[in-house]
Each structure stands twice: as C-alpha cells, then as structure tokens.
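Colleague: Just passing along the structure, written as structure tokens.
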Amino acid sequence: MTSIDVQDLTKEYGTTRAVDALTFSVRPGRVTGFLGPNGAGKSTTMRLVLGLDRPTSGTATVGGRPYVSLGEPLRHVGALLDAQAAHGSRTARDHLRALAVSNRLPVRRVDEVLDEAGLTSVARRRIKTYSLGMRQRLGIAAALLGDPGVVMLDEPSNGLDPEGIIWIRELMRRLAREGRTVLVSSHLMNETATFADHLVVLGRGRLLTDTPLDDFIAAHSRGRVRVRSTEPDRLRAALRGKGYVLGDAVDGRWTVEGARAAEIGAVAAGIGVPVLELADEQASLEEAYLALTADATEFAATAPPPPATATARTSRQEV
C-alpha cells in the first residue's frame, strides 16, 4: 500500500511547537486536501514526510517506510513544495534529465512529462525566463517524472492561469482514479472543493479534523432553503408566522434558515401560493472551514477603524 502515515508526529523549533502530536493517514484512490491557516504546520508536516527535516518525536512514513530509506525516491514519491527551487540557469529539459539520471529513470520520461505539463515548446529555455505559472508546471512535471504512487503538492494552482487550473484539477482526479495517493495543500477553498474527496485540517500544529469532504461540510452547515414565489409577501408572512427566520429578499429570492425545501413547499401549498424556485442550500467549504478554524488562526487581520477623520473635517467646516 502507498499510504502516507503520520503517527504522533511532533516538531519543535526552540520553544515553538510547529507540529503537535499529529496522527493521520492519507489513503490511495482519493485526493486529500490538506488545509489550515498560515502557521498551522502544513508545510512543516510535508517536509517531515519527505525527510527534509527531522521530527522531534513520532514518525512519518510512505508505504510503511521512512522517505529517507527509499531507493530512487522519485519512483515512489513525487512532490512539489517550492516551484522556485529549480536552478534558473538550467533549461527545463536539462533540469528534468538530471533528476531522471539520478533516479535511474528512462530519459523518455522527460519528454513525456514535459508534454503532459504543456512545456514542450519552451523545454529548451532557461528556467529563469519562466513565469511563476510555468515554474509551477515544471515542478509538477518533476513530481510526475518517476510515475510515483504517491504525489504531494503544496499550492499547485499558484500562478496558474484558468486553463492551467483546470489542467491540474483534472490531473489530480486522474491520479486518484489510478489508485495513487494524492495529498494537496491549498488555501483556495473554492478550488479545493472542486477536486478533494477527503480533508485533513490542521490548526496550531494539531489535527482539527480528518474526514470526507461532504461530511465535513454537512457537519458545519445549518439547513437553509432558497425560495422564490409569485406572491412573496403572503409566503413570507406565513413563514414568519410559523417561526422561520428569513433572509432579505434579493431579486425576488430569499433564504429560510434552519429549514428544508419540503417544509417550505408544504407551507406554500397550504396557503395556495405558487413557488417558482425552491432548493436546499448547504454551506460552502469556505464557510465550513472558517467555522472550524475560527479559534485556530494564528495570524488574522483586524477590521480597519471607522473613518473618524471624515467626521472631524465636517465639524471644522461647521465651525
């Protein structure tokens, strides 16, 4: 099995505990979104899995073995942590050839992954001339070079244009369908919702949840219904009379909190009001994520103070 297994993993930097007794597994055949606020420990955890740092205690293994014990590791694990890491004076093709030779991979794989990443036409250009999105594509090509069973990507959509975002989304889904283990760290909640099957969420170095995406959203959602009617005033009055909490009407639509569509439809039918639109709504991944991590965010912006200077100017003019 090619799972990633983290057991009681702890990493301390001086007096700072970046990862705190972390335990979770990333299984094959699905895309696992790795989420958490800045400073939550995601990048540190990925570095520990890849043997780029040593844990204070606990273990992180791939297929039951520490990464550092893997011979020709690109055949087992492909990773993108930093798209800027490739040497700028090399061409993309030479960069990938060096990786292939060091892992005894067939050179034909270089051209295959360049083509898959859409970089064939610029393969002989120096990497320092690449845009951020092109570097991201090169980093993903390097991660795929050994045709690995495990793929770990940190913010893979960073710098990609819309076509590139669709490409990486479909790539991750395909890798999971092929039975590979795919772990993807991201801050883009709406994008994560399009490709993730499962979520592992960290906060202040600790595990907050390890659950399927749909279960996570459902657990942090209150039922609500979107409704539109030809007689909104009558329907709204009837719903208020039954104790429902209504949102403001926008373009003739409004929401009913804490309800299901079948309930609202029954109320409308009971008073003979036609309904043009009636649908259950669920919280977005972003809403569910913010609800879970509200107390685990280390760095958060504060709202700006009210514009008191405008009042002061008005007062001076009146004097």
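Taken together, the values in this text are just the output of simple stated rules run on the coordinates, not laboratory data. Keep in mind that what you see is a predicted model, and the values were worked out from it rather than measured. Glycine also receives a Cβ, built like all others from the backbone with ideal geometry; neighbour counts cover every protein chain displayed.
Colleague: Once you put a point 7 Å from the Cα of Asn158 and another 7 Å from the Cα of Asp295, both along the Cβ direction, what distance in nm separates them?
Modeller: Modelled inter-label distance: 3.1 nm.
Colleague: Which net charge results for the neighbourhood of Arg222, defined as the other residues with beta-carbon distances under 15 angstrom from its beta-carbon, given Lys and Arg at +1 and Asp and Glu at -1?
Modeller: Computed value for this residue: -2.
Colleague: Which of Leu35, Ser185, Gly223 sits farthest toward the positive end of the charge dipole of the chain, with +1 on the Cβ of Lys and Arg and -1 on the Cβ of Asp and Glu?
Modeller: Ser185
Colleague: Further, regarding this structure: Given +1 on the Cβ of Lys and Arg, -1 on the Cβ of Asp and Glu, and no further charges, what dipole in debye does the stretch 32-110 carry about its Cα centre, rounded to the nearest 20?
Modeller: Here the stretch 32-110 has a charge dipole of around 300 debye.
Colleague: Further question: What aspartates and glutamates could a cross-link reach from Lys42, if we take a straight Cα to Cα line under 12 Å and drop same-chain neighbours fewer than 8 places away?
Modeller: Of all the aspartates and glutamates, those that pass the test against Lys42 - Cα under 12 Å, at least 8 places apart if same chain - are Asp20, Asp154, Glu155.
Colleague: Gly133: net charge of surrounding residues, Cβ under 13 Å, Lys/Arg +1, Asp/Glu -1, itself excluded?
Modeller: That works out to -1.
Colleague: Below 12 angstrom from the Cβ of His76, what's the summed charge of the other residues (Lys, Arg +1; Asp, Glu -1)?
Modeller: Net of charged neighbours comes to +1.
Colleague: Viscosity 1.567 mPa s, temperature 4 °C: give me the Stokes-Einstein translational D for the chain in µm²/s, with Rh taken as the Kirkwood radius over C-alpha pairs.
Modeller: 57
Colleague: Taking the Cα centre of the stretch 222-281 as origin, sum charge times position over the Cβ atoms of Lys and Arg (+1) and Asp and Glu (-1), and report the length of that vector in debye to the nearest 20.
Modeller: 160
Colleague: What list of ³J(HN,Hα) values in whole Hz, one per residue of the stretch 4-12 in order, does the Karplus curve 6.51 cos²θ - 1.76 cosθ + 1.60 (θ = phi - 60°) give from phi, with Gly and Pro shown as x?
Modeller: Once θ is set to phi - 60°, the couplings for the stretch 4-12 become 9, 10, 10, 10, 6, 6, 9, 9, 10 Hz.
Colleague: State the Cα centre-to-centre distance between the stretch 148-190 and the stretch 238-287 in whole Å.
Modeller: Rounded to whole Å, the Cα centres lie 37 Å apart.
Colleague: State to the nearest 20 debye the size of the charge dipole of the chain about its Cα centre, where the only charges are +1 on K and R beta carbons and -1 on D and E beta carbons.
Modeller: 840
Colleague: Taking a spot 7 Å from the Cα of Ala237 along the direction of its beta carbon, which residues of the stretch 267-292 have an amide N less than 15 Å from it?
Modeller: 268, 271-274
Colleague: With unit charges on the beta carbons (Lys and Arg positive, Asp and Glu negative) and the dipole taken about the Cα centre of the stretch 4-211, which residue among Leu160, Ala92, Leu9 sits farthest to the positive side?
Modeller: Checked the options; the winner is Ala92.
Colleague: Taking the DSSP beta bridges in the chain as the whole, what percent of them are antiparallel, to the nearest 5?
Modeller: Taking every DSSP beta bridge with both residues in the chain, the antiparallel ones total about 65 percent.
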